[in-house]
1. Over the chain, what is the relative contact order in percent, taking alpha-carbon pairs closer than 8 angstrom and at least six residues apart?
2. Contour minus end-to-end for Ile123 and Ser97, with contour as 0.36 nm per residue of separation and end-to-end as the Cα-Cα distance?
3. Taking the simple approach of a point 7 Å from Cα along Cα-to-Cβ for both Arg143 and Tyr23, what is their distance in nm?
4. Output the DSSP H helices from the chain with an along-axis C-alpha extent of no less than 15 Å and a mean Kyte-Doolittle hydropathy no less than 0.5.
5. Looking only at the stretch 33-59, which residues have a backbone nitrogen under 13 Å from a spot 7 Å from the Cα of Arg115 in the C-beta direction?
6. Here are a few candidate values for Rg and Dmax of the Cα atoms in Å: (i) 17.8, 52; (ii) 16.6, 57; (iii) 15.2, 46. Which one was actually calculated from the structure I just gave you?
7. As an exercise, use a Förster radius of 35 Å and the Cβ-Cβ distance of Gln70 and Gln130 to find the FRET efficiency, rounded to the nearest 0.05.
8. Roll a 1.4 angstrom probe over the protein heavy atoms and tell me the percent of accessible area of the stretch 65-153 that is carbon or sulfur.
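The values are calculated or read from the model by the stated rules, or taken from the named source; none is laboratory data. Just so we're clear, the structure is a prediction, and the values are computed from it rather than from any experiment. Please note: Cβ atoms are built from the backbone with ideal geometry, for glycine as well, and neighbour counts cover all protein chains shown. When the accessible area is computed, the model is the full protein with side chains, heavy atoms only, and any ligands, DNA or RNA have been set aside. Shrake-Rupley method; radii C 1.70, N 1.55, O 1.52, S 1.80 Å.
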Amino acid sequence: MTGNPDVPAERLADVYDLVGPLYRRVFRKVELDGLAAGLSVGVRAVLDMLRRHGPMTVPQLGRAQSLSRQFVQRMTNEAAALGLVEAVPNPTHKRSSLIRLTDAGERAITAVVERERAELGRIEGVTGAQVETCIHVLTRMLRLLDDVEVEGD
(Lines give C-alpha, C1' and ligand atoms only; values in the text may rest on other atoms or scores of the structure.)
Protein backbone atom coordinates (compact mmCIF):
# COMPACT_ATOMS: atom_id res chain seq x y z
CA MET A 1 0.00 0.00 0.00
CA THR A 2 1.34 3.40 -0.91
CA GLY A 3 0.49 6.55 0.93
CA ASN A 4 0.23 10.11 -0.25
CA PRO A 5 3.58 11.88 0.11
CA ASP A 6 1.77 15.24 0.12
CA VAL A 7 -0.03 14.36 3.37
CA PRO A 8 2.29 13.56 6.27
CA ALA A 9 1.10 10.71 8.46
CA GLU A 10 1.56 13.00 11.47
CA ARG A 11 -1.18 15.32 10.18
CA LEU A 12 -3.53 12.38 9.68
CA ALA A 13 -2.73 11.31 13.25
CA ASP A 14 -3.84 14.81 14.31
CA VAL A 15 -7.22 14.03 12.75
CA TYR A 16 -7.50 10.91 14.95
CA ASP A 17 -6.56 13.05 17.95
CA LEU A 18 -9.51 15.37 17.19
CA VAL A 19 -12.01 12.65 16.34
CA GLY A 20 -11.86 11.04 19.81
CA PRO A 21 -12.83 14.14 21.83
CA LEU A 22 -15.32 15.19 19.14
CA TYR A 23 -16.98 11.76 19.25
CA ARG A 24 -17.20 11.79 23.05
CA ARG A 25 -18.69 15.29 23.14
CA VAL A 26 -21.17 14.51 20.37
CA PHE A 27 -22.11 11.29 22.17
CA ARG A 28 -22.73 13.22 25.40
CA LYS A 29 -24.73 15.93 23.61
CA VAL A 30 -26.85 13.32 21.84
CA GLU A 31 -27.26 11.52 25.17
CA LEU A 32 -28.47 14.68 26.93
CA ASP A 33 -30.76 15.70 24.07
CA GLY A 34 -32.04 12.14 23.80
CA LEU A 35 -33.06 12.14 27.44
CA ALA A 36 -35.27 15.14 26.72
CA ALA A 37 -36.75 13.31 23.73
CA GLY A 38 -36.98 10.00 25.61
CA LEU A 39 -34.40 8.28 23.37
CA SER A 40 -31.13 6.65 24.32
CA VAL A 41 -28.11 7.20 22.07
CA GLY A 42 -28.41 3.64 20.78
CA VAL A 43 -32.10 3.94 19.95
CA ARG A 44 -31.44 7.28 18.27
CA ALA A 45 -28.75 5.62 16.11
CA VAL A 46 -31.11 2.80 15.06
CA LEU A 47 -33.90 5.25 14.23
CA ASP A 48 -31.58 7.46 12.20
CA MET A 49 -30.21 4.52 10.18
CA LEU A 50 -33.76 3.46 9.37
CA ARG A 51 -34.70 7.06 8.49
CA ARG A 52 -31.77 7.33 6.08
CA HIS A 53 -31.78 3.81 4.59
CA GLY A 54 -35.28 2.41 5.03
CA PRO A 55 -36.06 -1.00 6.53
CA MET A 56 -33.02 -3.08 7.49
CA THR A 57 -32.30 -6.28 9.38
CA VAL A 58 -30.60 -6.17 12.77
CA PRO A 59 -27.36 -7.62 11.32
CA GLN A 60 -27.41 -4.97 8.56
CA LEU A 61 -27.89 -2.23 11.17
CA GLY A 62 -24.97 -3.60 13.18
CA ARG A 63 -22.61 -3.82 10.21
CA ALA A 64 -23.52 -0.32 9.00
CA GLN A 65 -22.67 1.16 12.40
CA SER A 66 -19.75 -1.11 13.32
CA LEU A 67 -21.72 -2.36 16.32
CA SER A 68 -22.39 -5.87 17.53
CA ARG A 69 -25.61 -7.54 16.47
CA GLN A 70 -26.44 -8.15 20.13
CA PHE A 71 -26.20 -4.46 21.02
CA VAL A 72 -28.29 -3.44 18.00
CA GLN A 73 -30.86 -6.10 18.92
CA ARG A 74 -31.18 -4.61 22.41
CA MET A 75 -31.58 -1.11 20.98
CA THR A 76 -34.14 -2.37 18.47
CA ASN A 77 -36.06 -4.11 21.26
CA GLU A 78 -36.00 -0.88 23.28
CA ALA A 79 -37.26 1.10 20.27
CA ALA A 80 -40.00 -1.49 19.64
CA ALA A 81 -41.11 -1.30 23.28
CA LEU A 82 -41.47 2.46 22.80
CA GLY A 83 -43.52 1.89 19.64
CA LEU A 84 -40.89 3.53 17.42
CA VAL A 85 -40.02 0.53 15.22
CA GLU A 86 -41.68 -2.69 14.17
CA ALA A 87 -40.51 -5.97 12.70
CA VAL A 88 -42.00 -6.95 9.36
CA PRO A 89 -41.46 -10.06 7.23
CA ASN A 90 -38.32 -10.02 5.10
CA PRO A 91 -39.07 -11.38 1.61
CA THR A 92 -35.41 -12.31 1.09
CA HIS A 93 -34.73 -13.99 4.44
CA LYS A 94 -37.40 -15.82 6.44
CA ARG A 95 -35.51 -15.83 9.75
CA SER A 96 -34.24 -12.24 9.74
CA SER A 97 -37.11 -9.75 9.90
CA LEU A 98 -36.83 -6.26 8.55
CA ILE A 99 -37.00 -3.48 11.11
CA ARG A 100 -38.82 -0.35 10.01
CA LEU A 101 -39.86 2.93 11.57
CA THR A 102 -43.41 3.37 12.76
CA ASP A 103 -45.12 6.73 12.25
CA ALA A 104 -44.23 7.58 15.85
CA GLY A 105 -40.60 6.60 15.19
CA GLU A 106 -40.50 8.75 12.06
CA ARG A 107 -41.83 11.74 14.01
CA ALA A 108 -39.41 11.18 16.89
CA ILE A 109 -36.25 10.91 14.78
CA THR A 110 -37.30 13.78 12.52
CA ALA A 111 -37.67 16.06 15.54
CA VAL A 112 -34.26 14.98 16.90
CA VAL A 113 -32.51 15.47 13.55
CA GLU A 114 -34.10 18.89 13.07
CA ARG A 115 -32.82 20.00 16.51
CA GLU A 116 -29.35 18.64 15.73
CA ARG A 117 -29.22 20.38 12.36
CA ALA A 118 -30.28 23.66 13.94
CA GLU A 119 -27.38 23.28 16.37
CA LEU A 120 -24.93 22.46 13.56
CA GLY A 121 -26.20 25.47 11.64
CA ARG A 122 -24.56 27.65 14.29
CA ILE A 123 -21.07 26.71 13.07
CA GLU A 124 -19.39 29.65 11.37
CA GLY A 125 -16.33 29.97 9.13
CA VAL A 126 -16.68 26.64 7.33
CA THR A 127 -17.43 26.30 3.62
CA GLY A 128 -19.28 23.53 1.86
CA ALA A 129 -16.07 22.61 0.05
CA GLN A 130 -14.26 22.25 3.38
CA VAL A 131 -17.00 19.96 4.68
CA GLU A 132 -16.77 17.84 1.51
CA THR A 133 -12.99 17.59 1.96
CA CYS A 134 -13.44 16.62 5.60
CA ILE A 135 -15.92 13.89 4.66
CA HIS A 136 -13.54 12.64 1.97
CA VAL A 137 -10.58 12.43 4.35
CA LEU A 138 -12.53 10.77 7.15
CA THR A 139 -14.03 8.26 4.72
CA ARG A 140 -10.55 7.33 3.45
CA MET A 141 -9.27 6.97 7.01
CA LEU A 142 -12.24 4.76 7.89
CA ARG A 143 -11.66 2.58 4.81
CA LEU A 144 -8.07 2.06 5.93
CA LEU A 145 -9.54 0.26 8.96
CA ASP A 146 -12.13 -1.81 7.07
CA ASP A 147 -10.35 -5.02 8.05
CA VAL A 148 -10.67 -4.24 11.77
CA GLU A 149 -13.48 -6.29 13.27
CA VAL A 150 -15.55 -4.49 15.90
CA GLU A 151 -16.33 -6.82 18.77
CA GLY A 152 -18.31 -6.42 21.95
CA ASP A 153 -21.03 -3.98 22.70
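1. Values: 113 pairs, mean separation 31.9, N = 153.
Normalised by residue count, the contact order of the chain is 21 percent.
2. Details: separation 26, 0.36 × 26 = 9.36 nm, distance 4.00 nm.
Between Ile123 and Ser97, full extension yields an extra 5.4 nm.
3. 2.0
4. Details: long enough: 9-37 (41 Å, 0.05); 41-53 (18 Å, 0.25); 69-81 (18 Å, -0.72); 103-120 (25 Å, -0.46); 128-144 (24 Å, 0.56).
Both cut-offs are met by 128-144.
5. 33-41, 44
6. (i)
7. Details: r = 38 Å, r/R0 = 1.09.
The pair Gln70/Gln130 has a calculated efficiency of 0.40.
8. Looking at the stretch 65-153 in its full context, I get 55 percent from C and S.
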